[in-house]
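Note sheet for the following structure.
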Amino acid sequence: GTTSKIYNNGTLSNKNNTIHLTNTAFIYNLGSISVNNMQGDSNSFIYNLNKINATTWNGTGGSSAVYNAPNAELTVTGLYSISSTNKFVNEGKATFGNFTSIGSAQMKNTGTVTVAGKTEINATAARWVNISTWITETMQTKGAGNKYFNNCRLTVNEKLKIESSLWYNVEGAYIETKDFIMTNSHLSMEENSMLNVSNLAQLIDNRGGDKR
């Protein structure tokens, strides 16, 4: 509830049920948390300095935030989902079954994110920034006003599909995928950046001239 705080320096387990943070509730984790479903809404905040394991993760609304610190591990075996104006910042190691974002959520990765299945962003005015390594089986982005900045390495093992999106592959950055489909979108390739498509590249009704 409002202003509730948990400081965990040991082991917190709720493997069969949900830990639900509402309003300005706060979890500061220095130990280990195991939970079936983690849910955060309103202005709740989770600060992970060690290990969190969950089956599913649901950021349902408001401006909730998740921060995964350097050397910390965040593992969600199923779906990690965020919406509204939620924030996800990863500086450590994050592993997801699937990753989805709707609304105007903000994402920034300076560590390593590995998604076993699909990374999907279907939103308006969302922002995705990758400054280190993001690895996923497939990736799909859609929605007017979204901006995607790849500052280092994005690896999509099968298909990268972008629709109505603004993409920036900044200086020295690298995108690697098997199939690449771009529709009604803009991709800016800065100096020494690379797009490596090993199979199909399909470009449909795209545009230019968009600014950051």
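Remarks
- Listed by chain and number, the aspartates and glutamates whose alpha-carbon sits under 16 Å from that of K93, ignoring those within fewer than 8 places in the same chain, are E73.
- Computed from the Kirkwood radius of its Cα pairs, the Stokes-Einstein diffusion coefficient for the stretch 141-212 at 10 °C and 1.306 mPa s stands at 131 µm²/s.
- Listed by chain and number, the aspartates and glutamates whose C-alpha is less than 13 Å from the C-alpha of K159, apart from same-chain residues fewer than 8 away, are E120, E137, E176, D179.
- Alpha carbon Rg of the chain, scaled by the compact-globule rule 2.2 N^0.38 Å: 1.03
- Subset of K87/K142; K5/K118; K15/K178; K5/K142; K51/K142 violating a 29 Å alpha-carbon distance limit: K5/K118; K15/K178; K5/K142; K51/K142
- Residue-wise HN-Hα couplings along the stretch 116-129, as the Karplus relation 6.51 cos²θ - 1.76 cosθ + 1.60 with θ = phi - 60° gives them from phi, are 5, x, 9, 9, 10, 10, 10, 7, 10, 6, 6, 9, 10, 10 Hz; Gly and Pro carry x.
- Taking 14 Å as the straight-line reach from the Cα of K108, the aspartates and glutamates in range (excluding those fewer than 8 positions away in the same chain) are E91.
- Phi-derived couplings, Karplus 6.51 cos²θ - 1.76 cosθ + 1.60 at θ = phi - 60°, listed residue by residue for the stretch 2-9: 4, 6, 5, 9, 10, 10, 9, 10 Hz, with x used for Gly and Pro.
- Mean accessible surface per residue for the chain, computed with a 1.4 Å probe while every protein chain stays in place, in Å²: 44
- Relative contact order of the chain, pairs being alpha-carbon contacts under 8 Å that are 6 or more residues apart, as %: 10
The values are calculated or read from the model by the stated rules, or taken from the named source; none is laboratory data. Remember, it's a predicted structure, so these values are computed and weren't measured experimentally. Accessible surface areas use protein heavy atoms only, side chains included; no ligands, DNA or RNA. Shrake-Rupley method; radii C 1.70, N 1.55, O 1.52, S 1.80 Å.
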